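Before any comments, here is the structure.
The values are calculated or read from the model by the stated rules, or taken from the named source; none is laboratory data. The structure presented is a predicted model; accordingly, all values stated were derived computationally and were not measured. Quick reminder, even Gly has a Cβ in these numbers, built from the backbone with ideal geometry, and neighbours come from all protein chains shown.
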Amino acid sequence: MREFLLGNEAIARGAWEAGVKFVSGYPGTPSTEIIETLATRFPETNPRWSANEKVAFEEGMGAAIGGLRVLVTMKHVGLNVAADAFMVFPYAGTNGGFVVISADDPGMHSSQNEQDNRYLARVGKVPVLEPSDAQECHDFIIAGMELSEQFRTPVMLRTTTRLAHHKGLVEVGERKEVEQKEFVRDAKRFSVPIYRLARRPEVEKTLNALAEYAETCPFNRVEHSNPSTRFASGQASIGVVTSGIAYQYVKEVMPEAGVLRLGMTFPLPAKMLREFCSKYETVYVIEEGEAFIEEYMRNLGIVNVKGKELFGVIGEYSPGRLRKTLGLGDPPKPFTEEVNLIPRPPMLCVGCGHRTVFAALKQLKVTVSGDIGCYTMGALPPYEAEHTTFCMGASIGVAVGLEQAGHKDTVAIIGDSTFIHSGIPPLIDAVYNKSHLTLVILDNSATGMTGSQPNASSGKDVLGQEAPRLDLEAFCRATGVGSVEVVDTWQRKEIVNTLRRAIAYKGPSVVIARGPCQQLPEIKRRKVIPFAVEEELCTKCDACFKVWCPAITRTEQNYPVIAANECTSCTVCAQVCPTDAIKLAEAVA
Amino acid sequence: MNTYSLMFAGVGGQGSLLIAELTSLAAVSAGFDVKQTEVHGVSQRGGSVETHVRFGEKVHSPIVTPGEANAVIGLEKLEALRFAHYVDAKDGTILVNDYELIPGSVANAEKIYPHESIEYLKSKGLRVIALPASKTARELGDGRMANVVLLGALSTLLPIPQEIWNKTLKLRIPARFLEGNLKAYQAGREMMS
């Protein structure tokens, strides 16, 4: 049977078929849909959202040495968080099959950096599989589980944005239950630090065996290598070494080229590469991300290689980009020269509770160290009220550092999910090291940016079932924070006043600005009585426009008008109206 | 046959992804190999959304290359203009909803919005068909069905039989919206006849 599936849905389906019995991860674009699909369609795989990627990886590691087949999912930067566990797991080796998804984001569609995690896999000595379409996303998960068990190693499956977020036809199968492997207490294997010296040679032994396997791995294959193929760009006969989604672009743009398609990109098959390259005058290496395969080939002493110097390391590849590079045609450009293609920059949603916090921070003219979430948009106009953002949880440490550098007016802001993910140790540190930190927790009870997934502050788990809710204020008090205040995120004046008190407080302080994410299903479903403008009372002072709500536009007579089907009844525009012209729609004459 | 390439452009919330998905599923039903991909920024709503659909005997890349699209389907005038260069200038068609959504977060957007985009694209020698999809959808009872009006128009340009489109709509549109959407689809088809 064939289904039309997203790459991520195909991974989920493959994991289910492979008999996976434990799945953990943290939401992150472009990996999120894997666990969402498992939760809605395949709950018998026992999926969960973990507090962060390190926790997810460690839970997965435990489940795998305990004998289950395990899938762990994260975006590329998530693997940085999980790296501590990722690097040491190969020393012990796994028991049940263990595959970790690293969803890389060339082009940085929704990420702070481009990072090719094949390098992390090489450092950790973990084999890497790279599918090139939705079908292979499905197939490689199943094969990855088998590979993992055969070599007793964790396996990385590297996807990229286009692979994870494209749909294609997938031949699917049924679930095969796999018997749980026995867990035998074995400190010599599972207590790595004590027995590291004994484990170390085992890692190399496994890696050598994997390198041997790579030569015959069915995912590494040569396709109609025809040395007579010639291209417009040059007269040399050309072969192509490629991996991942770039393989599809090669097939599209150079259908006649000889291709070595690498589905396993670490360890790489040295013999196969040498033999392929010996048949061509020039070999193009076309891989999204860094020159991972190319560098290896050069290190083998292969000299007839052209790669990144032609195709570049930055951004996503595409057929158009390959055509242009190969001199096969320059695709037309957008009509920007003669017309004003004004952008549609990202915006906070209608009714988003972050808006009032940014307005208050702007009004107070403080330095703001931000964090990762929808609220990174606070750095953009009209707020421009966020001055640093780096990575998950950095807001607090950076604020403490800025304070040490004399910038005592710094306020850190972080969402509830990011706080749980990696804001807790830095808050404890701030208290311990006697900082006067002011921290705002934007508590919308959801992991908003990736699609409002539940977390430990939501009161719900991934399956939508009730779960214990973390008491954020009690938690902050327990760390020793002297002033913890909770404020309704839609009360403008109260937010400003609460922030003033928190900043003036002599010691660490936390303000929790609370109100649910407007994208939560239960919030979207609820019945809303919208606000409307009573034009007779309106003086066209434009105060309501300065709330920057996308639901407020102008009539032809220049009065503000509120889109009734978009209004969430957050009341913020009504709060700022000096003439009380904004009222509940039913009260407007 | 050659691969068909389609580019759907709209604003988040307009339903461009839905009609791209319906097109893909219709192409699957008609026995084609199909790939689809979407690109959107970090915003959940209100941003520019592009969805690529390609179908044929065997499809490799899910990405449509500028200059190769058989049709660009613009649910909004500015977005049609933004992705107009994807159309095959010789044989392709730009279907555009004659409808403007002024970007809310850009200063003076109303003034600098390119209101003459349809005329401009025609002046470039492109085949542009402007359709009153939003107006027609409103007359049929719900302006949100503008996307399905455009889908009806698009269906006349593709090698997929009418009964497959009907079947796909029936499978995918929730029962309480089906009747309206079938009318919207039919209205779009008639606009092209």
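Has region A:194-208 got at least one residue that is assigned to a loop (DSSP other than H, G, I, E, B) and either within 14 Å of another protein chain (Cβ to nearest Cβ) or touching a helix residue (DSSP H, G or I) at 6+ places or on another chain (Cβ under 7 Å) (or both)?
So far as region A:194-208 goes, no, none of its residues is assigned to a loop (DSSP other than H, G, I, E, B) and either within 14 Å of another protein chain (Cβ to nearest Cβ) or touching a helix residue (DSSP H, G or I) at 6+ places or on another chain (Cβ under 7 Å) (or both).
I need a count of the residues in region A:510-524 that are more than 14 Å from chain B (Cβ to nearest Cβ) and either aliphatic (A, V, I, L, M) or under 20 Å from A:Y375 (Cα atoms) (or both).
7
Please work out which residue is farthest from the chain's Cα centre (by Cα), limiting yourself to region A:297-353 and to residues that are among the hydroxyl-bearing types (S, T, Y) and more than 7 Å from chain B (Cβ to nearest Cβ).
Checking each candidate, the answer is A:T336.
How many residues are under 26 Å from B:G13 (Cα atoms) and without any contact (Cβ under 8 Å) to a residue 24 or more places away in the chain when one looks only at region B:51-79? If you could, list the steps in order and put the result at the bottom.
Here is the first cut: in region B:51-79, the ones under 26 Å from B:G13 (Cα atoms) are B:51-55, B:62-66, B:69-79.
Okay, now just the ones that are also without any contact (Cβ under 8 Å) to a residue 24 or more places away in the chain, so B:66.
Within region B:51-79, residues that are under 26 Å from B:G13 (Cα atoms) and without any contact (Cβ under 8 Å) to a residue 24 or more places away in the chain number 1.
Report the residue count in region A:65-79 for those that are in contact with a helix residue (DSSP H, G or I) (Cβ under 8 Å, 6 or more places away or on another chain) and farther than 11 Å from A:G28 by Cβ.
Going through region A:65-79 one residue at a time, the tally reaches 5.
Got at least one residue in region B:143-150 being in contact (Cβ under 8 Å) with a residue 24 or more places away in the chain, over 29 Å from B:Y4 (Cα atoms), surrounded by 16 or more Cβ atoms within 10 Å (Cβ to Cβ) and not acidic (D, E)?
no
Which condition number does A:G397 fail, the rest of (1) of a type outside the set (A, V, I, L, M); (2) more than 16 Å from A:C517 (Cα to Cα); (3) surrounded by fewer than 20 Cβ atoms within 10 Å (Cβ to Cβ) being met?
A:G397 satisfies every listed condition except (3).
Within region A:354-397, restricting attention to residues that are assigned to a loop (DSSP other than H, G, I, E, B) and closer than 17 Å to A:D443 by Cβ, which residue is farthest from the other protein chains (Cβ to nearest Cβ)?
The qualifying residue farthest from the other protein chains (Cβ to nearest Cβ) is A:G393.
Does A:V487 satisfy the criteria of being modelled with pLDDT of 95 or more and farther than 19 Å from A:P47 by Cβ?
Yes; evaluated as a whole, the condition is true for this residue.
Could you go through region A:317-337 and let me know if any residue there is surrounded by fewer than 16 Cβ atoms within 10 Å (Cβ to Cβ) and among the hydrophobic types (A, V, I, L, M, F, W, C).
Yes.
Residues checked against (1) touching a Pro at 6+ places or on another chain (Cβ under 8 Å); (2) small (G, A, S); (3) farther than 18 Å from B:S48 by Cα:
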{"site": "B:D88", "(1), (2), (3)": "no, no, yes"}
{"site": "B:G104", "(1), (2), (3)": "yes, yes, no"}
{"site": "B:E110", "(1), (2), (3)": "no, no, no"}
{"site": "B:E116", "(1), (2), (3)": "no, no, yes"}
{"site": "B:E119", "(1), (2), (3)": "no, no, yes"}
{"site": "B:K122", "(1), (2), (3)": "no, no, yes"}
{"site": "B:P132", "(1), (2), (3)": "no, no, yes"}
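Just to verify a result, which residue in region A:538-556, among those that are within 14 Å of another protein chain (Cβ to nearest Cβ) and exposed (fewer than 15 other Cβ atoms within 10 Å of the Cβ), is nearest to the chain's Cα centre (by Cα)?
For region A:538-556, the residue satisfying everything is A:K546.
Report, by residue number, each residue of region A:568-580 that is closer than 17 Å to A:K546 by Cβ and within 32 Å of the chain's Cα centre (by Cα).
Within region A:568-580, A:C570, A:V572 qualify.
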